[in-house]
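Peer 1: Sharing a structure below in structure tokens format, with a few things to ask.
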Ligand code: GDG
């Protein structure tokens, strides 16, 4: 952290579905009750400067969120406490039903938690989702100032980052996703337009965070499949910016839970529970939700009771279920299943003096929650799918006495961090029953050993470290953007280059062909250089050295430029025609004998992808799919092919895979546009060097040329070149400045 440059001023704008406080109106007026949830305290730590982040926020935190109050009700009410200033979003009931209850909780929630059969794919839901995201945007657009940092949260607001980005291109935007991001096989169940909108929406952010690496990988795969964009080390490159996608496992306020252990009310509650309940206490608390594996847990506990009679009357299982979404039919059904199952198990095994399961459907105050955490011998957390799961972390943090056993589902994001828990598969009742027995019989020393290891990890990466981590990444991407800032050639730059040119004695130009000397066209055969460009190059070539370096084959270059007095380089440096010699020579570094094995793989993918074809050049092989019938399918095949080639190609084969625009090309690594360009400089003393190109392969050239060279990227893709130029027409303008006046 010490190396981070000076802190930046600006405000923090949080956008989440809910506001950070409840607005209660009564005869006395309006009161605000601040939530004590994890996000609120994490965000507060940032604002109060208790975190050493690179941002130093000024003013209160601005918080944009939905309120169920009407606009009239809040007229004139000051929605502000000492920490937050709220900007309410008003969504009318019917829209909110389709948006929040509908798209969010009746589609995205079940689908992303791997319950596709519960997901309702309803067109009105999607429209409402778009409309509601727009309402959030409308509510905030007038408050955004130039240095403000915006942090958008969760699956209710996936389209918002891009809505903001379109009008505020330079504000930093973060997006954090609190639920699992599913594998592509699940994600693709969404209609194409919906998944496009979701991916485009999220990618409006600079940093996109998930709880685990798996979710990161799934998201990156969705990005690849939906917009055809890969990533490098979790950086997705878009037209003129980059997006960092990474894992930030959310955590808890460790100290708050750990300190609670000695709070008098908590001590009292703990002692009462230990007195009143049986010898051993098992505890669980979750919101009512099918993702939380409540029935799986009951089945596991029942199996335990069935198999271990010696534990009867000695154990109490306290199962708290917090009311949630119980207007939705599936939730009502689930609640009634739970009620029945608990009733059945208690009736079957209970005695007058022993009720195996103490089940309550309500929420608990913090002291009662931490009292239960600290009174319990076992916490039984069995979600069938959970983004993270904070309950298990809170249980561990509360155990200042360093005993207690955590049983945790492998399906919770938290399982990746809490390996010392007894990890179970929630669908396997026997696994749960065995873990319960093991937990109840676990010696105290072993409990302490496991607990200490987990506590250390949570102490070190608490919720404040989490926010800090996220904001450090936000800051780093800002630096990365600064580094890659698109610096377009100005009129003054062009004048300066012109003057330098006039004064120089020995000058050389390197030009890429497609996209630089000619515009990109659909059929590559039609990319014929105009007479105007040719005459400009011919004129330059009278005075200066001109090299055209292309990935094209020699025949094509010969056809379009062969009559000019210039050097030509084909196939990325494999074939060279020096103007003096007038004949094509194979680069001596090229070694043949590799094509056969690669060709058979490419041919296989032609069969697997109707419309694709293989182009065999003298020194490379290219698999083109721009002519494929089904582009989406072809893109998938292209990715598969690239992956298979990467696995097949061994380092000693010295082969490189270039993933170009609708083409996958395999060539030797021995040369590239960079090595080729620098070979023209050997033994020469050029005092003016200018290189232009639009392709990713031109980056080798920009990187390899000396620092004194003018390197110009055509287009707005991120580049190593020093300057950018808008398009091929601007290239013409620049070339015109070198004309003899
Ligand atoms: C979503 C993701 C991810 C619960 N009952 C009471 C109570 N709680 C508190 C717990 C805990 C929180 O609610 C529940 O958090 P979880 O993480 O377990 O689950 P979700 O609500 O589903 O949250 C989840 C999370 O977002 C954060 O990113 O971990 O995977 O699904 O803090 O303590 N608190 C009190 N009384 C209760 O009765 N005081």
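Peer 1: So how much slack lies between residue 170 and residue 459, counting 0.36 nm per residue of separation and subtracting their Cα-Cα distance, in nm? Don't skip to the answer; put the middle values down first.
Peer 2: On the way: separation 289, 0.36 × 289 = 104.04 nm, distance 3.52 nm.
Once the chain is fully extended between residue 170 and residue 459, it gains 100.5 nm.
Peer 1: Given R₀ = 41 Å, what would the calculated FRET efficiency be for residue 196 paired with residue 308, taking r from the Cβ atoms and rounding to 0.05? Please list the in-between numbers first.
Peer 2: Working: r = 53 Å, r/R0 = 1.30.
With R0 = 41 Å, the Cβ-Cβ based efficiency is 0.15.
Peer 1: Could you calculate the FRET efficiency of residue 452 with residue 92 from 1/(1 + (r/R0)^6), where r is the beta carbon distance between them and R0 is 41 Å, rounded to 0.05?
Peer 2: On the way: r = 52 Å, r/R0 = 1.28.
According to the calculation, E is roughly 0.20.
Peer 1: In nm, to one decimal, how far is the residue 25 label point from the residue 213 one, both placed 7 Å along Cα→Cβ?
Peer 2: Between residue 25 and residue 213, the label points sit 5.1 nm apart.
Peer 1: For the Cα atoms of the chain, what angle does the longest principal axis make with the long axis of helix 38-47, in degrees from 0 to 90, nearest 10?
Peer 2: Orientation of helix 38-47: about 60 degrees from the principal axis.
Peer 1: Taking a point 7 angstrom from the Cα of residue 368 along the C-beta vector, which residues in the stretch 277-310 have backbone N less than 15 Å away?
Peer 2: 284-287
Peer 1: Angle between the Cα long axis of helix 429-441 and the longest principal axis of the chain, 0 to 90 degrees, nearest 10?
Peer 2: 60
Peer 1: Where both partners of a DSSP beta bridge lie in the chain, what percent of those bridges are antiparallel, to the nearest 5?
Peer 2: 30
Peer 1: Run the numbers on the stretch 517-621 and let me know its relative contact order in percent, using alpha-carbon pairs under 8 Å that are six or more apart.
Peer 2: Values: 109 pairs, mean separation 17.7, N = 105.
Taking the mean separation of contacting Cα pairs over the length of the stretch 517-621, I get 17 percent.
Peer 1: Can you pull the one-decimal nm distance between simple spin-label points at residue 678 and residue 500, each 7 Å off the Cα toward Cβ?
Peer 2: 2.0
Peer 1: Then there is this: What does a probe at residue 657 reach in the stretch 225-248, counting residues whose amide N is under 11 Å from the point 7 Å along Cα→Cβ?
Peer 2: The answer is none.
Peer 1: Here is a follow-up. Give the shape of the stretch 252-293 as rounded, prolate or oblate, defined through the alpha-carbon gyration tensor: a ≥ b ≥ c are the square roots of its eigenvalues, a/c under 1.5 means rounded, and otherwise the shape is prolate if a/b is larger than b/c and oblate if not. Don't jump to the answer; show the numbers that get you there.
Peer 2: Working: a/c = 2.96, a/b = 1.20, b/c = 2.46.
The shape class here is oblate.
Peer 1: So, one more: Before anything else, pin down the relative contact order of the stretch 8-247: Cα pairs under 8 Å, at least 6 apart, normalised by residue count, whole percent.
Peer 2: Result for the stretch 8-247 is 16 percent.
Peer 1: To continue, here is another question. How much length is gained if the chain between residue 138 and residue 263 is pulled fully straight, taking 0.36 nm per residue apart and subtracting their Cα-Cα distance, in nm to one decimal? Don't skip to the end; give the middle numbers.
Peer 2: Details: separation 125, 0.36 × 125 = 45.00 nm, distance 4.46 nm.
Length gained between residue 138 and residue 263: 40.5 nm.
Peer 1: At 0.36 nm per residue, minus the direct Cα-Cα distance, what do residue 333 and residue 120 gain on full extension? Give it in nm, one decimal, please. Show your work: numbers first, answer last.
Peer 2: Details: separation 213, 0.36 × 213 = 76.68 nm, distance 1.65 nm.
Gain on extension, residue 333 to residue 120, equals 75.0 nm.
Peer 1: Please give the calculated 222 nm ellipticity per residue for the chain, where each DSSP H segment of at least 4 residues contributes -39500 (n - 2.57) and the sum is spread over every residue; nearest 500 deg cm²/dmol?
Peer 2: On the way: 25 runs with 287 residues, N = 741.
It lands at -12000 deg cm²/dmol.
Peer 1: Can you compute the modelled spin-label distance between residue 600 and residue 525, with each label point 7 Å from Cα toward Cβ, in nm?
Peer 2: The two pseudo-label positions are separated by 3.1 nm.
Peer 1: With a ≥ b ≥ c the root eigenvalues of the C-alpha gyration tensor of the stretch 8-247, is it rounded (a/c under 1.5), prolate (a/b larger than b/c) or oblate? Numbers along the way, then the final one.
Peer 2: Details: a/c = 1.89, a/b = 1.27, b/c = 1.48.
Oblate, since a/c reaches 1.5 and b/c is not below a/b.
Peer 1: Report the FRET efficiency, 1/(1 + (r/R0)^6), for residue 646 and residue 81, where r is their Cβ-Cβ distance and R0 is 51 Å, rounded to 0.05.
Peer 2: 0.40
Every read-out reported here was derived from the displayed coordinates using simple, explicitly stated rules and does not represent laboratory data. All of these numbers come straight from a predicted model, not from anything done at the bench. Neighbour counts run over all protein chains shown; Cβ positions are idealised from the backbone, glycine included.
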